[in-house]
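Let me begin by presenting the structure, written as structure tokens, before commenting on it.
Since every read-out is calculated from the coordinates, none of them should be taken as a lab result. Here the structure is a predicted model, which is why all the values come from computation and not from measurement. Neighbour counts are summed over all protein chains in view; Cβ atoms, including those assigned to glycine, are modelled from backbone coordinates with ideal geometry.
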Amino acid sequence: MTGFALGVDQEEWCGRLRALSAERLRPLAEKGEPGRVNRPLLAALGELGLLERVFAAGALELCLLRESLAYGCTEAETALALQGLGAYPVLRAGSEAQRQRWLPHVRAGRAVAAFALSEPGAGSDAAALALAAERDPAGGAAGGGGGWRLSGEKCWISNAPEADFYTVFARTGEGPGAKGVSAFLVPADREGLSGEPLDMLSPHPIGSLRFDGVPVGPEDLLGEPGRGFRVAMDTLNLFRPSVGAFAVGMARAALDATLAHTAGRTAFGGTLSDLQAVAHRVAEMATRTEAARLLVYAAAGAYDRGAADVPKRAAMAKLLATETAQYVVDHAVQLHGAVALRRGHLLEHLYREVRAPRIYEGASEVQRTIIAKELYGALEGEVSGQ
């Protein structure tokens, strides 16, 4: 990819993915139950090798994959992304035994993963999480001693309570704030772990989890004690630009639907596209979508290069893309009129889907805070270096 365009091979691959998502995956998604894990859809993603690509791909390829799937089937995109989000910490920080036990099943779509960070009192401020990991010298899941007991709650967890395992972040207390957080791989059948689904606007499964003295041991750690917040941030730095790609895919689908509708709908002696107010609004939608798309690609490219400013770029990409998608889908609904509000219409579906990405994996306000912190931190570094 150049700084401004995809290569021919990349464009062709994205086109095949868009067709695949609409023709092969959307029918499976339509058979699923809203708010429940769609295991046949996950199995198809595994069979097609798309889940494997999540773990083998760089950030740019992940963005192209998510954008293309979102264009044709948002449910397939979300199912794929949640597998990556829940299992990526295992890939990066897990032991060889953990990776061998779980990742082949995740890649095949047989095991459902979940990323359990948010809590009732710690959503955007993830460093304030309160799930307690209390030392249990005689315990541990394997009974070998030197373990912990997890007590507390997680909330707004995608794929809960139906996931087969959870990447759980808990306070082990090695230091204050983020320095006292550790990451654990907790199988869903672990004693003391329970959960319930939440009835949410977004159609994918979201639930809460209750930890009642859940035993975990050193073999369940992801990485080192007290380094769990870094595991979480490494994961989010990769997936935040790709949330932006998901948003861009929805925006492009809404834009294309609007172009077709306004060019073909007769009104006031011509078509809607003949009206300057309509044409200018469509032009604005297209311009914002393309700007967001390029910023997402730039952030992904920075991640793949190992650039130092990845947190800032990732936050910018997620912020602009998700806010842009909200704008584009909202105006697409307006230009379609009442037909877009009918249950089952593409835009009715996108209107429900597009709201959540402005909140999860760091709300827009959090992204602005990250961007400002990075900007002022760089300025202070320049001043001190003079």
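The long axis of helix 310-336 is offset from the longest Cα principal axis of the chain by roughly 40 degrees. For GLU119, nonlocal amide neighbours, meaning residues 5 or more places apart or on other chains whose placed amide H falls under 5 Å from its own, are CYS155.
Ordering of 8-21, 182-195 by packing is 182-195, 8-21, highest average first (other Cβ atoms within 10 Å, averaged per residue). Based on C-alpha pairs under 8 angstrom that are at least 6 apart in sequence, the stretch 230-384 has a relative contact order of 30 percent. Amide hydrogen proximity for GLY195: with H placed 1.01 Å from N in the peptide plane, the residues at 5 or more positions away or on another chain lying under 5 Å are ARG210.
222 nm [θ] for the chain, helices only, -39500 (n - 2.57) per DSSP H run of 4+, per residue, to 500? Helices in the chain give a 222 nm mean residue ellipticity of -18000 deg cm²/dmol.
When the chain is treated as a Gaussian network with alpha carbon springs shorter than 10 Å, the biggest mean-square fluctuation among ASP256, ASP330, ASP274 belongs to ASP274. Once you have a ≥ b ≥ c as the square roots of the Cα gyration tensor eigenvalues for the stretch 71-131, tell me rounded if a/c is under 1.5, and otherwise prolate or oblate according to whether a/b is larger than b/c. The shape class here is oblate. Comparing LYS312, LYS373, LYS179, which has the greatest mean-square fluctuation in the GNM of the chain with Cα pairs linked when under 10 Å apart? Comparing LYS312, LYS373, LYS179 in a Gaussian network model of the chain, the most mobile one is LYS373.
What distance in nm separates the two pseudo spin-label positions at ALA108 and GLU365, each 7 Å out from Cα along the beta-carbon direction? Between ALA108 and GLU365, the simple spin-label model gives 4.5 nm. Against the chain, whose longest principal axis is taken from its Cα atoms, helix 59-72 shows a tilt of about 50°. Electrostatic tally near HIS105: other residues with Cβ closer than 13 Å to its Cβ, Lys and Arg +1, Asp and Glu -1, net +3. Entry note, the stretch 194-267: relative contact order of 14 percent, from Cα contacts under 8 Å with a spacing of 6+ residues. Hey, which lysines would be in cross-link range of LYS373, C-alpha to C-alpha under 27 Å, not counting anything within fewer than 8 residues on its own chain? Of all the lysines, those that pass the test against LYS373 - Cα under 27 Å, at least 8 places apart if same chain - are LYS179, LYS312, LYS318. Simple rule: put +1 on each Lys or Arg Cβ and -1 on each Asp or Glu Cβ in the chain, find the dipole, and look at SER202, ILE370, TYR166; the Cα lying farthest toward the positive end is SER202. Taking every alpha-carbon pair under 8 Å whose residues sit at least 6 apart, the chain reaches a relative contact order of 15 percent.
In this structure, ARG305 and GLU284 have a Cβ-Cβ separation that, at R0 = 41 Å, corresponds to a calculated FRET efficiency of about 0.80. Among LEU320, LEU346, LEU28, whose mean-square fluctuation peaks in a Gaussian network model of the chain (Cα, cutoff 10 Å)? Looking only at LEU320, LEU346, LEU28, the largest GNM fluctuation is found for LEU346. When the Cα convex hull of the stretch 8-108 is projected onto planes of every orientation, the mean area is 6.3 nm². Expressed as an acute angle from 0 to 90° and rounded to the nearest 10, what is the orientation of the C-alpha long axis of helix 74-93 relative to the principal long axis of the chain? On a 0 to 90 degree scale, this one is about 30. The phi-based Karplus calculation (6.51 cos²θ - 1.76 cosθ + 1.60; θ = phi - 60°) puts the 3J(HN,Hα) values of the stretch 127-134 at 5, 8, 4, 10, 4, 8, 10, 9 Hz, whole numbers, x for Gly and Pro. Annotation: amide H-H contacts under 5 Å for ASP136 (H modelled 1.01 Å from N, sequence separation of 5 or more, or interchain): GLY147, TRP148, ARG149. Projecting the Cα atoms of VAL329, GLY269, LEU294 onto the dipole axis of the chain, where Lys and Arg carry +1 and Asp and Glu carry -1 at the beta carbon, places GLY269 farthest toward the positive end. What the phi angles of the stretch 220-227 give under the Karplus curve with 6.51, -1.76 and 1.60, with θ = phi - 60°, is a coupling list of 9, 5, 10, x, 9, x, x, 10 Hz, glycine and proline written as x. Between GLU219 and VAL339, what FRET efficiency follows from the Cβ-Cβ distance if R0 is 56 Å, with the result rounded to 0.05? With R0 = 56 Å, the Cβ-Cβ based efficiency is 0.50.
A protection proxy built from the mean count of other Cβ atoms within 10 Å ranks the segments 160-169, 350-359, 96-105, most packed first, as 160-169, 350-359, 96-105.
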